[in-house]
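What follows is calculated from the coordinates using simple rules that are stated; it is not laboratory data. Because the structure is a prediction, the values reported are computed rather than measured. Using ideal geometry, Cβ is built from the backbone for each residue, glycine included, and neighbour counts are taken over all protein chains shown.
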Amino acid sequence: MKKKPNPKKYNTFLDQKFWNNFSQTTWEKKPIALKHVKSDLTEIKEAEIFELVVKYSDICRKNKVASGFKLFIDGIQTYEDEVLQFLPLKKDKSFIGYHQRMNEVFSDYCLVCDELLLVDSTIRNKLTDFTMQLYKSVGFPNRFTEIGLYLGNYKKTPFGVHVDNCGVFSFPVTGVKKFRLWTSEFVQKHPSLNRAFNYAKYNKFSEVIKIEPGDMSYWPSSAWHIAESTGEFSATWSLGIWVDQKHEQSFSKTLNELLKNKFSTRGEATLTHFSNLQSANGEVSKLPEVYIESIKALQSLTDAEIREFFLKTWMVHISKQGFKNWPVIELNLSLKSKIRIRYKSAPILWQQGLSEKSKLLLSFAGVLVETNTKSGLFKMIKRLNEGHSCQVGQFISAGKKNLDLSVLQKLANAGAFTLA
C-alpha cells in the first residue's frame, strides 16, 4: 500500500495563544527568529509576489513615475527617472529571472518597494488576518503599518546601520536573509555605529538573525540593524508597525480639529485685539474678547458632540485597518450594478449620530461619507457587511438616486466593492 506523504512540519503556529505570549514576552522587548512558521503569509507563493511587483511596476511605467520604488546601485541611490528602466517585467517570469537580467549589469543592487498594497490583491486579506491578530494582543497602531519588499544581491543595507520607529516582521520570499542587530543602549555608547558600513569591531556585541522562506523574524523599534549578504540574491517582505505617535498626539490632533470646527472665523485671527495688556502695576486680569468667545464655544460643547467627533475620527482611523494606503479602484456604479464587499476582512464601518440620531456616517479606507439612517443605502451596507451580494437598484430608490448613488460611488472609489 502506498504511503501518504507526511504533512509539512511546523515549529510555530501563529494562533492567538502565540500572540498573547508574544505581546507579554517579546513585543518591543527583544528580537526573535522563528523557523518553519505556520501562517498564511509564509504560505504566499513567490510567483504571487512577483506578479504583484510586476503589476505595480506596470502602473509606474504607465504613469512614468517610479513612486514607491527606490533603487540602490553599489550602495548609492539612483535618480527616480532612472529607476523605471530597471523594474521587473512580466517577461522576467520570476524573481530569479529578474535577478539574472540585473546581475548582467550590476554586481551590487537593491530594489525597494514600499507601495505594493496600492495593487488590488488577495494578499491583502492574508496581511490583514496577520495584523489583526497582532493588534488584538499589542494594540492598534496610532500611526500605521507599512509593507516593504527588498530584493537584490546587495551585500549590506545601502543606508548602513540604522534604527526605525517601527517594530519589524520579516518574511523571506526567496534566498537566505541575515540581519545583524544592536541594542539602542549599545549604540548610544558607540555613536559611530549610526549609518556605519564598517563595524566589524562591534560584531561580537551584536545579535545575528538568519531566516529563509517559511521563517519569520521580529525586532523591536529600538533595535539598530543592518542586512548582510555574501552577494547571493534574496527577496524579503518586511512589515513595519510604526509606534512613534503617542496617544496624547492623536488625542490633541482630534481635539484641535473639533475646536476648529466649533470656533467662528475669528479663530483664524493671527493678531489679538485688546483694550489693556496689563494694569499700571503689571497685573494681568482680563482676557481679550476673542478668548472670551472661544471659551464660550468650548463650554457649549455637549458630551454627545465630543464623543461623536472622537468616535468619528476613530472610525476613520481604523477603517484603514492600520495600513498606510489602499489601492485605487475604478468601478463605476449604476442602479443595475450587483456588488459585494471586495475584501472579506474589510467591512464598511458605520456610526449612527449621537447628537442627531438620523445622521449616518460611513467609512472605508480613510474615506468618510454622510447619509441618513432612513436611507435604503443603510440597509444595503449592512447586507453587504454580512457577506451578501446586492443589486444597487433594489436598495436605492429613483427619488434618492443622485444622493445615495454618489455616497456609494465614493466608497467604491475607495476600493470597498467589487462586482458580484
Set of lysines with alpha-carbon distance to K189 below 21 Å, sequence-local pairs under 8 removed: K29, K30, K201, K204
Set K156/K177; K210/K246; K55/K126; K312/K374 screened for pairs whose C-alpha atoms are more than 23 Å apart: K210/K246
Top of G366, G387, G167 by mean-square fluctuation, Gaussian network on the chain, Cα under 10 Å: G387
The chain: relative contact order as a whole-number percent, Cα under 8 Å and 6+ apart: 15 percent
Within segment 14-78, GluC sites (Glu not before Pro) in DSSP loop having at most 15 other beta-carbon neighbours inside 10 Å: E28, E43
Options Q321, S334, N402, ranked by Cα towards positive dipole end of the chain, top entry (Cβ charges): S334
Chymotrypsin sites (Phe, Trp or Tyr not before Pro) lying in DSSP loop within segment 17-101, provided at most 10 other Cβ fall within 10 Å: Y79
Cα gyration tensor category, rounded, prolate or oblate, for segment 313-419 with a/c compared to 1.5: oblate
Linear extension gain, S389 paired with L298, 0.36 nm per residue minus alpha-carbon span: 28.3 nm
Rounded to the nearest 20 debye, dipole of segment 22-128 from Cβ charges on Lys, Arg, Asp, Glu: 360 debye
14 Å beta-carbon shell around T157, net charge (K/R +1, D/E -1): +3
Fraction of the pair-distance distribution of the chain above 32 Å, Cα-Cα pairs, percent: 51 percent
Contour minus Cα-Cα distance for S192 and D244 (0.36 nm per residue): 16.3 nm
Sites K38 and I318, calculated FRET efficiency, Cβ-Cβ separation with R0 22 Å, nearest 0.05: 0.20
Considering only the chain, percent of DSSP beta bridges that pair antiparallel, nearest 5: 95 percent
Gain on full stretching of the segment that runs from S23 to N103 - 0.36 nm per residue minus C-alpha separation: 24.7 nm
Modelled label reach - T12, point 7 Å along Cα→Cβ, segment 237-253 residues with backbone N closer than 19 Å: 237-242
Karplus (6.51, -1.76, 1.60) ³J(HN,Hα), θ = phi - 60°, over segment 52-60, in Hz, Gly and Pro reported as x: 5, 5, 5, 4, 5, 4, 5, 4, 5
For T157, distant residues with modelled amide H under 5 Å away: A227
